[in-house]
1. Being under 17 Å from Val25 (Cβ atoms) and among the hydroxyl-bearing types (Ser, Thr, Tyr) is the filter here; which residues of the stretch 84-115 pass it?
2. Please tell me if Thr65 is surrounded by 10 or more Cβ atoms within 10 Å (Cβ to Cβ), among the polar types (S, T, N, Q) and not in a strand (DSSP E or B).
3. Output the residues belonging to the stretch 44-59 that are within 28 Å of Glu111 (Cα to Cα) and open to solvent by 60 Å² or more (accessible area, probe 1.4 Å).
4. Could you identify the single residue in Val91, Val74 that is open to solvent by less than 90 Å² (accessible area, probe 1.4 Å), part of a strand (DSSP E or B) and not basic (Lys, Arg)?
5. Restricting attention to the stretch 94-115, which residues are touching a residue at least 24 places away in the same chain (Cβ under 8 Å) and assigned to a loop (DSSP other than H, G, I, E, B)?
6. For the structure I just gave you, tell me whether Phe86 is open to solvent by less than 60 Å² (accessible area, probe 1.4 Å) and in contact with a helix residue (DSSP H, G or I) (Cβ under 6 Å, 6 or more places away or on another chain).
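The values are calculated or read from the model by the stated rules, or taken from the named source; none is laboratory data. The shown structure was predicted, so the numbers you read here are calculated from the model rather than taken from an experiment. Positions of Cβ are generated from backbone atoms using ideal geometry, with glycine treated the same way; all protein chains shown enter the neighbour counts. Heavy atoms of the whole protein, side chains included, go into the accessibility calculation; ligands, DNA and RNA do not. Shrake-Rupley method; radii C 1.70, N 1.55, O 1.52, S 1.80 Å.
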Amino acid sequence: MKLIVSLVFITNVVLAQSPSDDQKVHDVVVRFFEGLSERNIEKMQECTTPDFTILEHGVIWNIDTLVAFAGRPVPAGFKRINTFDFFQTEVRKDMAFVSYRNKADISKPGEQRTV
């Protein structure tokens, strides 16, 4: 009986330490937007597949449009900090659908705004 209880406890500890599929998806979204904020195209591409899309305010973005956006020059001192509120995540085998609210605090010399 002690052995069974110990195994159940060890299994629960291991499962508690392993990130869920939802958390893995959330981590990828966060890393992707870090890449976008840093204008790091390689980091963005590492987080996506060729058929990746984002629907934002009725506009469909794919990796090509986001790479073009990230390639635009930014002023010195530009900084973007993203904050996420994930409210629905669905993982189906090797595909994920995730809905979230991303608040971006953007600052550059003489200007601060939130989008």
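1. Answer for the stretch 84-115, where residues must be under 17 Å from Val25 (Cβ atoms) and among the hydroxyl-bearing types (Ser, Thr, Tyr): Thr89, Ser99, Tyr100.
2. Criteria met by Thr65.
3. Leu55, Glu56, His57, Gly58, Val59
4. Being open to solvent by less than 90 Å² (accessible area, probe 1.4 Å), part of a strand (DSSP E or B) and not basic (Lys, Arg) holds for just one of Val91, Val74, which is Val91.
5. Across the stretch 94-115, the qualifying residue is only Pro109.
6. yes
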